[in-house]
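One structure below.
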């Protein structure tokens, strides 16, 4: 196996005089299926295209974008595994000083708004070569969107980038379809009917396109224009509600959004991959390592090099998460054979020491789950199959998942298998065999759980299960550990500053955590990233699902006080905690929060735990807004 070419010499070493497609990526080139650009490049290579990669070019001039020459078909641009603004700035808009996707963890290898800058440079270098944009940054900015870093509504990214086509979602089949049609002589400007694509037009598309199948595909949906959503928050909320209802690839309509005298035309999402298709993707000849030219470690690869992706998609529909808008809610599971073959390949690597760090996906315990009613699946408009209650059509049987993990840990060369992807604890109530195996074999000391909050009105806005479900799970987890004689703990992920959340709510949460014997070392301050329901609520102050107003903590001061209340055991936060309690008129609570007592004034119980710090931004896009996304 060899890496895809990054230089002219490597290209000529393959006997190629020119390339068909050149990918330009904001990430370093790591030839591993967890990274989107290498995966898509390998996918096109499998289908006979000559492909190269330009990774993290110096954007200050056009020359670094010309190192592989002029591609015969098009350039494909991605900012990388994360939105570049999320990668560069903290929730307080402070500049980060690291980048896990860059050799040596060095900041500054890519610009702000990477997709826009790369496309501009490519247009300067090769005016006659089409540019297709994709990846998480382009995918979630495909409509007019609120940009937290400028605090304004921006146009669809395709207008600002001046790109020829936008491909959103995971992109294997849309990208291949476009490339193969261009190989046959079609111009990119004439390809307007591919699912999972968006483009600019001055006229409405043809409504009877044969490529767009389904009972409603001949019907267009026009949402409020860019000018309207930029001027009126209610229109923004309306547009978000309408577009989010069209994410089912089996029945979604073509969405139209006017931008001045031009139209954004967004085709319905691409169909989910079949088991055979996703198996073939993960069977591609990856080297599973960074390109040979790098001489410094890349943290993102170190984090995932021994992990296995078992499936895609998530039907949780959490308000702050963009997975449904990117990967979709349909679970696309690999076959058992495919996963085990990848484990065998991994175990043959000289750096593998017998421990698999993860077998999972966006949500680990959704592997093998499915909609049990085909007709309902093809017409469902809901973005969650488990909120507010578990859908009666959802198949939650854990047989496939239990079998896969048991066979994985029995594989030759494997000493230990962990599950480090998050799990949905409300699903665990329906997965008794998996729950038992999880606690006994796959936790490895710490289990990631995401209650996010425990106040019911906030978890409802978040589309999360709430306090009662969390307490039931926590009790089961502790009882099972006691039965097994283990001393394992959970890592609860929590969000401060989410729409709907007040200082009083955070105080309630802090007291509940003390009562439950839980401490956390770090809390995620809510970041309004493009494309999510929570971001819509943050910008508009409206819940688009109900039309009702939502309180939004906006000032840095209030957000800082909210966060501090959950860090009551850290001395450096005590000043802020006293300030928050004074503002609430509850200064008497300081003796409870700061003296180490529980909400009743007594000592914490036998299950009290202090948890390790949670990364505010994890490698490989594993924050909740970008976990396992491309």
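Cβ-to-Cβ counts within 10 Å put 473, 75 in ascending order as 473, 75, the fewest first. Rounded to the nearest 0.05, the FRET efficiency derived from the C-beta distance between residue 579 and residue 162 at R0 = 45 Å is 0.40.
If each residue of separation counts as 0.36 nm, what is the full-extension length gain between residue 456 and residue 187 once their alpha-carbon separation is subtracted? Let's see the in-between values first.
Working: separation 269, 0.36 × 269 = 96.84 nm, distance 5.31 nm.
Length difference between fully extended and current span is 91.5 nm.
Relative to the longest principal Cα axis of the chain, at what angle does helix 336-347 sit, 0 to 90 degrees, rounded to 10? Computed tilt is about 90 degrees. Fully extending the segment from residue 203 to residue 483, taken as 0.36 nm per residue of separation minus the present Cα-Cα distance, adds 94.1 nm.
Using the Cβ-Cβ distance between residue 149 and residue 2 with R0 = 45 Å, the FRET efficiency computed as 1/(1 + (r/R0)^6) comes to roughly 0.70.
Quick one: order 526, 477 by neighbouring beta-carbon count within 10 Å, fewest to most.
Details: 526 25, 477 22.
Fewest-to-most Cβ neighbours within 10 Å comes out as 477, 526.
If you plug the beta carbon distance of residue 548 and residue 221 into 1/(1 + (r/R0)^6) with R0 = 25 Å, you get a FRET efficiency near 0.60. Taking Cα atoms only, the orientation of helix 503-515 departs from the longest principal axis of the chain by about 70 degrees. A straight line joining the Cα centroids of segment 258-303 and segment 371-435 runs 23 Å. In terms of other Cβ atoms within 10 Å, 133, 304 run from fewest to most in the order 304, 133.
If you take the Cα centroid of segment 29-91 and the Cα centroid of segment 519-556, the two points sit 32 Å apart. Label point of residue 293 set 7 angstrom out along Cα-Cβ; within segment 35-50, amide nitrogens under 16 Å from it belong to 38. A simple spin-label model places pseudo-atoms 7 Å from Cα toward Cβ; at residue 277 and residue 557 they are separated by 5.3 nm. Select one label from (1) 3, 15, 22, 22, 17, 11, 6, 3, 1, 0, 0, 0; (2) 3, 14, 23, 25, 20, 11, 3, 0; (3) 3, 16, 27, 27, 18, 7, 1, 0: the one whose number is P(r) over Cα pairs in 10 Å bins from 0, in percent as derived from the coordinates shown. Evaluating P(r) over Cα pairs in 10 Å bins from 0, in percent on these atoms matches (3).
Label sites at residue 590 and residue 341, each approximated as a point 7 angstrom past Cα along Cα to Cβ, lie 6.5 nm apart. Projected label points at residue 72 and residue 58, each 7 Å from Cα along the beta carbon direction, are separated by 3.2 nanometres. Packing, as the average of other Cβ atoms within 10 Å across residues, places the peptides 282-289, 239-246, 587-594, 458-465 in the order 458-465, 239-246, 282-289, 587-594, highest first. Projected onto planes of every orientation and averaged, the convex hull of the alpha-carbon atoms in segment 445-617 covers 10.5 nm². In segment 96-251, the convex hull through the Cα atoms has an average projected area of 11.4 nm², a quarter of its surface area.
Packing, as the average of other Cβ atoms within 10 Å across residues, places the peptides 328-341, 566-579 in the order 328-341, 566-579, highest first.
Mean projected area of the convex hull spanned by the Cα atoms of segment 367-476, taken over all viewing directions: 8.0 nm². Calculate how steeply helix 574-584 sits against the longest principal axis of the alpha-carbon atoms of the chain, using the helix alpha-carbon long axis, and give the answer as 0 to 90 degrees to the nearest 10. Between helix and principal axis, roughly 80 degrees. Counting only DSSP beta bridges whose two residues both lie in the chain, roughly 40 percent are antiparallel. For the pair residue 376 and residue 95 in one chain, pulling the backbone fully straight at 0.36 nm per residue adds 96.6 nm over the alpha carbon distance.
Laboratory data are not the source of any read-out in this text; all were calculated from the coordinates shown. Since this is a predicted model, take the numbers as computed values, not measurements. Please note: Cβ atoms are built from the backbone with ideal geometry, for glycine as well, and neighbour counts cover all protein chains shown.
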